[in-house]
Amino acid sequence: MIFYNPNEKREIIFSAYLNPKFKVEELPHNNKTIFEHSNVCVDTIELNLEFNDNVLIDAKYKAEGCTIFIASIELMLDNILNKDRIEIKKIIDAYFAMINNNNLNDNDFDLLNKLIVFKNVKNSFNRLECASIIYRAISKGI
C-alpha cells in the first residue's frame, strides 16, 4: 500500500490540476455525453468516455471547478484508462468507499493508486462533494 505525506499529496493534486491530460476546451456532445454538477458549488463536468470491447480507450472532458474537483477527474481518468468496465466499477466503488471513510482492505488501496490522496477529503463537506462528482459521472458512463 502506498502512502503519501501531506506535501506529496499537495504536489500530486496541484500537478493534476495544473497539467490536465484529459481536459479539452471544446467537447463534441453525443448521445453518450455525461453531464454532472455539484450540489453546492460551480463544479460542472461534461464527459465523453470511449469504449472498445468494454475497455475504456479514451476519455475527454470539459469542466469548470476547483482544484480538488479537476484533480479528482484527472487522477480518476488516468487510473481507469485501458481498464474494462468491471475493473472500472471496482475502482470507483473503492474510491467512493475511501472518500466516505468506509473500511477498505489493502487490495482496494492498490486499485486506487494516486487517488488515495483524497483519503481524508471527508473532513470538509465541500471537498467531499467536489471529489464525489467524478464518481457519479463515471457511474453513469459504465
**OP:** Assess whether residue 20 counts as being in contact with a strand residue (DSSP E or B) (Cβ under 8 Å, 6 or more places away or on another chain), part of a loop (DSSP other than H, G, I, E, B) and farther than 16 Å from residue 135 by Cα.
**Re:** no
Original post:
Mind checking which residues of the range 100-142 are assigned to a helix (DSSP H, G or I), open to solvent by 50 Å² or more (accessible area, probe 1.4 Å) and under 20 Å from residue 6 (Cα atoms)?
Top reply: 110, 113, 114, 122, 123, 125, 126, 127
**OP:** Working carefully through the options 125, 51, find the one that is modelled with pLDDT of 90 or more and aromatic (Phe, Trp, Tyr).
**Re:** 51
Original post:
Could we say that residue 89 is in a helix (DSSP H, G or I) and out of contact with any helix residue (DSSP H, G or I) (no Cβ under 9 Å at 6 or more places or on another chain) here?
Top reply: no
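The values are calculated or read from the model by the stated rules, or taken from the named source; none is laboratory data. Since the structure is predicted, the reported quantities are computational estimates derived from the model, not experimental observations. Using ideal geometry, Cβ is built from the backbone for each residue, glycine included, and neighbour counts are taken over all protein chains shown. Keep in mind that these areas ignore ligands, DNA and RNA; they rest on the heavy atoms of the full protein, side chains included. Shrake-Rupley method; radii C 1.70, N 1.55, O 1.52, S 1.80 Å.
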